[in-house]
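Engineer: One structure, pasted below without further comment.
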């Protein structure tokens, strides 16, 4: 009920206790208990006789009530599990829920996660409480498994849009799964898929964002950055998370119809870090250098070799040489 009370109070101004009772179908006592519970969690809610309740302040927390009350979409995050501290990655928890039958759009979020990871088994360092976003979204698509890698690129666009709207910053996208602020990494994305026969059972899209950190361990200082460090002020994490999900719904629903990235190709390339610059393709059979020309409609990175031949890279890892210190 706390989520519903917050949703009503976020409409602005005073909301009478009677209106809350009527909207939620509960008693005045239940509303009073819900408001007091929110106050205990750090919310400042003014209560004025004959006027009602007014939300004055919301803490920067990643709870089911806080996130849920900020959602504006139809399905992304409507089913929600939030943790103050989780002993595994949110991706692992989301996969457990998906295996147990969790519906399309179910979200797992955590203030602090242990065991986070990135591509190729790299470790995503746990951040101090109250500083980062760790979130994983469960999807149950009907398209072929070969289309799933493109979801990582769509997630990057959704995060970019959320940061633009909430923070006023313009992050770059390092193909295929990072977002950058200046020359350092601010967000990582990990997409994992479970198959049954030749069909997708579920996809989990995991997103980790450095939001309010003011410093990083020495080993990460040259290659990690937070939104707060870039902008010089803190940000409300649940608001950012909600705006990312709002953008995600739009991208995903169009992708379901097109099953390719032609509709975002130009937009993605405008945000692509290192576009028209030198890149080094790191592949199991050896590395080679070329010029990044942007993505094609399937999400592959087009790279022009020194010979002039253009190759679509869809395996291995591409690093932007000489620009980004974290690769």
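Laboratory data are not the source of any read-out in this text; all were calculated from the coordinates shown. These numbers were taken from a predicted model, which means no experiment stands behind them. Every residue, glycine among them, receives a Cβ derived from its backbone with ideal geometry; neighbour counts consider all protein chains shown.
Engineer: Tell me, in nm to one decimal, what length is gained between residue 16 and residue 40 on full extension, where the rule is 0.36 nm per residue of separation less the Cα-Cα distance?
Structural biologist: 6.6 nm
Engineer: Testing the spin-label approximation: label points 7 Å from Cα along Cα→Cβ at residue 198 and residue 103. State their distance in nm.
Structural biologist: 3.1
Engineer: Show me 230-237, 183-190 ranked by packing, highest mean number of other Cβ atoms within 10 Å first.
Structural biologist: Peptide ranking by packing, descending: 183-190, 230-237.
Engineer: Turning to a different aspect of this structure: Tell me, rounded to the nearest percent, the portion of alpha carbon pairs in the stretch 235-275 spaced more than 16 Å apart.
Structural biologist: Considering the stretch 235-275, 52 percent of its Cα-Cα pairs are separated by more than 16 Å.
Engineer: Right, here's the next one. Please determine, in degrees from 0 to 90 and to the nearest 10, the orientation of helix 150-167 with respect to the longest principal axis defined by the Cα atoms of the chain, where the helix direction is its Cα long axis.
Structural biologist: Rounded to the nearest ten degrees, it is 50.
Engineer: Evaluate the relative contact order of the chain (contact order divided by residue number), counting alpha-carbon pairs under 8 angstrom at least 6 apart; express in whole percent.
Structural biologist: Averaging sequence separation for qualifying contacts and normalising by length gives 14 percent for the chain.
Engineer: Applying a 10 Å radius around every beta-carbon, put 191-197, 30-36 in order of their mean neighbour count, most first.
Structural biologist: 30-36, 191-197
Engineer: Can you give the FRET efficiency to the nearest 0.05 for residue 169 and residue 253, using r as the Cβ-Cβ distance and R₀ = 30 Å?
Structural biologist: With a Förster radius of 30 Å, E is 0.70.
Engineer: Based solely on C-alpha atoms, express the radius of gyration and the Dmax of the chain in angstrom.
Structural biologist: Cα-based Rg and Dmax for the chain come out at 21.3, 78 Å.
Engineer: In nanometres, what is the gap between the two model label sites at residue 283 and residue 311, each 7 Å from Cα along Cα-to-Cβ?
Structural biologist: That separation, rounded to one decimal, is 0.4 nm.
Engineer: Ordered by packing density, taken as the mean number of other Cβ atoms within 10 Å over each peptide's residues, highest first, how do 3-14, 127-138 rank?
Structural biologist: Result, highest mean first: 127-138, 3-14.
Engineer: At a Förster radius of 25 Å, what calculated FRET efficiency corresponds to the Cβ-Cβ distance of residue 33 and residue 64, to the nearest 0.05?
Structural biologist: Between residue 33 and residue 64 the formula returns 0.90.
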